[in-house]
Amino acid sequence: MTTKKQLQRESEARKAKRLAHLGIWIGVTSLVIGVIALWAFWPGVTVSISDPVDPNNPFSASVTVTNNGHLPLTSVRPSFGLGKITYGDPNRSSTYESSEDYAAMGSEEWHPRDLGTDEKFEVALNEVWPDQLGPLLSAELAIMVEYRIPIIHWRRFKSFPYKAKRQTNGHFYWYSDANKGHVVRTPPPR
């Protein structure tokens, strides 16, 4: 009889151990699913710059701001971040440079908007930097976007650095500056 009770206790111990392992697996699986769901629904924006309308003026390009997340965003406000812009003759050039890492400038045309999922809007670079002060030699800028996550009203900022590169046709086009990455900078002024 002792062996029957001992076998029963061993069986119950194995069953309890299996249930404990099952509980751990359920917990880990729930955590992984929760992280994936949070990541999938994490709000975000993307920015792209079109080819210039006037090939002789790279600032005639338009900026498209897109909500690429699964949640609507409120108060989406782009701003122009001045890095370094050089104009003129290579021997006598004029440089406009920010003392910060992209000083934010805005325009009345660049007012805040609400964006639903996959919605976008466009603004023109020349609404902020209207005058071309001679032939462009080089340019570094960033499009910075401020937005709020609804319900929790969490204010977020994202910076998208770009660099103007001269192509074989002699005209400048905007390219994402991969060396700078997508870095969050200080918030633009209100």
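Remarks
- Surface calculation, 1.4 Å probe, protein heavy atoms: Val35 sits at approximately 90 Å² accessible.
- Set of lysines near Lys4 by C-alpha distance (under 23 Å), chain-local residues within fewer than 8 positions excluded: Lys15, Lys17
- Label-point separation in nm, Arg92 to Gln6, each point 7 Å along Cα→Cβ: 10.5 nm
- Judged by the mean number of other Cβ atoms found within 10 Å, the most tightly packed of the peptides 118-124, 22-28 leads the ranking 118-124, 22-28.
- By accessible area with a 1.4 Å probe, ligands and nucleic acids excluded, highest first: order of Leu31, Leu71: Leu31, Leu71
- Set of lysines with alpha-carbon distance to Lys120 below 27 Å, sequence-local pairs under 8 removed: Lys158, Lys163, Lys165, Lys180
- With both labels modelled 7 Å from their Cα along Cα-to-Cβ, the Ile33 to Glu119 distance reads 3.2 nm.
The values are calculated or read from the model by the stated rules, or taken from the named source; none is laboratory data. Model, not experiment: these values are computed from the prediction. With ideal geometry, Cβ positions are generated from the backbone for all residues, glycine too; neighbour counts draw on all protein chains shown. In case anyone asks, the SASA skips ligands and DNA or RNA and just uses the protein heavy atoms, side chains included. Shrake-Rupley method; radii C 1.70, N 1.55, O 1.52, S 1.80 Å.
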